[in-house]
Amino acid sequence: MFWEGAKAGKLMLPRCTTCNRVHWYPRLLCPFCHSRELEWIEAKGEGRIHTFAVQHRAFGGWTDEVPFVTAYIDLHEGDRMFTVLRGVDPTKPESIRIGAKVRVEFEQASDEVSIPFWRVVEE
């Protein structure tokens, strides 16, 4: 469901119908109450930067992109997502603000796969 949503430009997240909490990453059990009663919801695609790091080494398809910024995003719906932050200057980390509002955007990696990235937005 996640990848189908991403291909359509939607951020889909699993939510437990027992405790009503959203979690990331998808798994068979709710990490909070261990229920198997899960559903997928369309998220707002908004959040805030919890923390970030500038990556100077990379592997695989990321080697041509160093340096780049990775971040943990506090999702509007709850929980936290690890991602690559777009639209920031990795050579000026002082310009990146913890708590800054971000919005998801999707980049088409192939005909079948779109990958979510996050971008800082004005408040």
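Tabulated data
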| quantity | calculated |
| --- | --- |
| Hits in the stretch 10-30 (condition: surrounded by 13 or more Cβ atoms within 10 Å (Cβ to Cβ) and without any contact (Cβ under 8 Å) to a residue 24 or more places away in the chain) | 16, 18, 19, 29, 30 |
| Of residues in the stretch 6-17 being hydrophobic (A, V, I, L, M, F, W, C) and assigned to a strand (DSSP E or B), the one farthest from residue 115 (Cα to Cα) | 16 |
| Qualifying residue in the stretch 2-9 (condition: buried (at least 17 other Cβ atoms within 10 Å of the Cβ), within 13 Å of the chain's Cα centre (by Cα) and not hydroxyl-bearing (Ser, Thr, Tyr)) | yes |
| Matching entry among 3, 40 (being of a type in the set (Phe, Trp, Tyr) and assigned to a strand (DSSP E or B)) | 40 |
| Where residue 65 falls short, out of the listed (1) within 21 Å of residue 115 (Cα to Cα); (2) surrounded by 12 or more Cβ atoms within 10 Å (Cβ to Cβ) | (2) |
| Residue 110 vs. criteria farther than 21 Å from residue 57 by Cα, surrounded by 14 or more Cβ atoms within 10 Å (Cβ to Cβ) and small (Gly, Ala, Ser) | no |
| Positions within the stretch 43-102 being closer than 27 Å to residue 12 by Cβ, in contact (Cβ under 8 Å) with a residue 40 or more places away in the chain, part of a loop (DSSP other than H, G, I, E, B) and of a type outside the set (A, V, I, L, M, F, W, C), in sequence order | 45, 77, 78, 79, 99 |
| Hey, residue 3 among the hydrophobic types (A, V, I, L, M, F, W, C) and without any contact (Cβ under 8 Å) to a residue 24 or more places away in the chain or not | no |
| Residue satisfying all of: in the stretch 37-62; loosely packed, with under 11 Cβ neighbours inside 10 Å and charged (D, E, K, R); nearest to residue 18 (Cα to Cα) among these | 39 |
| Residues located in the stretch 1-31, provided they are aromatic (Phe, Trp, Tyr) and touching a Ser or Thr at 6+ places or on another chain (Cβ under 9 Å) | 3 |
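So that you can scan it fast, the table gives a plain yes or no per residue for (1) touching a strand residue (DSSP E or B) at 6+ places or on another chain (Cβ under 9 Å); (2) exposed (fewer than 15 other Cβ atoms within 10 Å of the Cβ); (3) at negative phi:
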position	(1), (2), (3)
85	yes, no, yes
92	no, yes, yes
95	no, yes, yes
98	yes, yes, yes
105	yes, no, yes
114	yes, no, yes
118	yes, no, yes
122	yes, yes, yes
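Readers should treat all values here as calculations from the given coordinates under stated rules, not as data from a laboratory. The shown structure was predicted, so the numbers you read here are calculated from the model rather than taken from an experiment. Every residue, glycine as well, gets a Cβ built from its backbone with ideal geometry; the counts of neighbours run over all protein chains shown.
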